[in-house]
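Colleague: Sharing a structure, written as structure tokens. Questions coming.
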Amino acid sequence: MSKGALPIVAFCLLAAACGGDGDTAATSALVQVPDVVGQSMGFARGALGALGLVADVIETDSGGLAGQVAEQVPAAGIEVAPGSSVVIKVPASTTTTTTTTVAESTTTTADPAVGIALA
């Protein structure tokens, strides 16, 4: 989701929450957004999907554990219509490269009987 789309989603969610004619059937169709902050991205997608919500993943360069949800919008506890998007911000994974250097050594042994150094 682009940065410009986030205000549109927020507006739609606000309009859905504030609008209506007091019909209780319309408000009972809403689902409560679960708290997925601190959970793995896979868990968050599953939890949101089970409620009929769509996870919109945004990878960030901010700190935190790679693959773990650092922030969500809307916040936990907000009621939204099924099919709504929930933005989950996840720190991007980092790649670690390990380099090993091996030094070669040679041992020289002298044979006292021959007087010659053997390598």
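No value in this document is a laboratory result; all are computed from the given coordinates. Quick caveat: nothing in here was measured; it's all calculated off a predicted structure. Neighbour counts are summed over all protein chains in view; Cβ atoms, including those assigned to glycine, are modelled from backbone coordinates with ideal geometry.
Colleague: Give me Asp61, Asp56, Asp35 sorted ascending by neighbouring Cβ count inside 10 Å, so fewest comes first. Don't skip to the end; give the middle numbers.
Modeller: On the way: Asp61 7, Asp56 18, Asp35 14.
Lowest count first: Asp61, Asp35, Asp56.
Colleague: Ok, one more. Tell me, Val69, Val31 in order of fewest to most beta-carbon neighbours within 10 Å?
Modeller: On the way: Val69 23, Val31 17.
Ascending number of Cβ neighbours within 10 Å: Val31, Val69.
Colleague: Ok, one more. Search the structure for amide H atoms under 5 Å from the amide H of Ser85, placed 1.01 Å from N in the peptide plane, and list their residues when 5 or more places away or on another chain.
Modeller: Counting only residues 5 or more places away or on other chains, the set is Val54.
Colleague: So, one more: For Ser40, Ser85, what ranking results if the residue with the fewest other Cβ atoms within 10 Å of its Cβ goes first?
Modeller: Details: Ser40 14, Ser85 19.
Exposure proxy ranking, most exposed first: Ser40, Ser85.
Colleague: Turning to a different aspect of this structure: Could you work out the Rg to Rh ratio of segment 26-80, with Rh taken as the Kirkwood radius (inverse of the mean 1/r over all Cα pairs)?
Modeller: Working: Rg = 11.8 Å, Rh = 11.8 Å.
With Rh from the inverse mean 1/r over Cα pairs, Rg/Rh is 1.00.
Colleague: So who's got an amide H within less than 5 Å of the one on Val57, skipping anything under 5 residues away but keeping other chains? H placed 1.01 Å off N, in plane.
Modeller: Ile88
Colleague: Let me ask something additional. Quote to one decimal, in nm, the extra length available between Val37 and Glu71 on full extension: 0.36 nm per residue of separation minus the C-alpha distance between them. Working shown, then result.
Modeller: Working: separation 34, 0.36 × 34 = 12.24 nm, distance 0.57 nm.
Result for the pair: 11.7 nm of gain on full extension.
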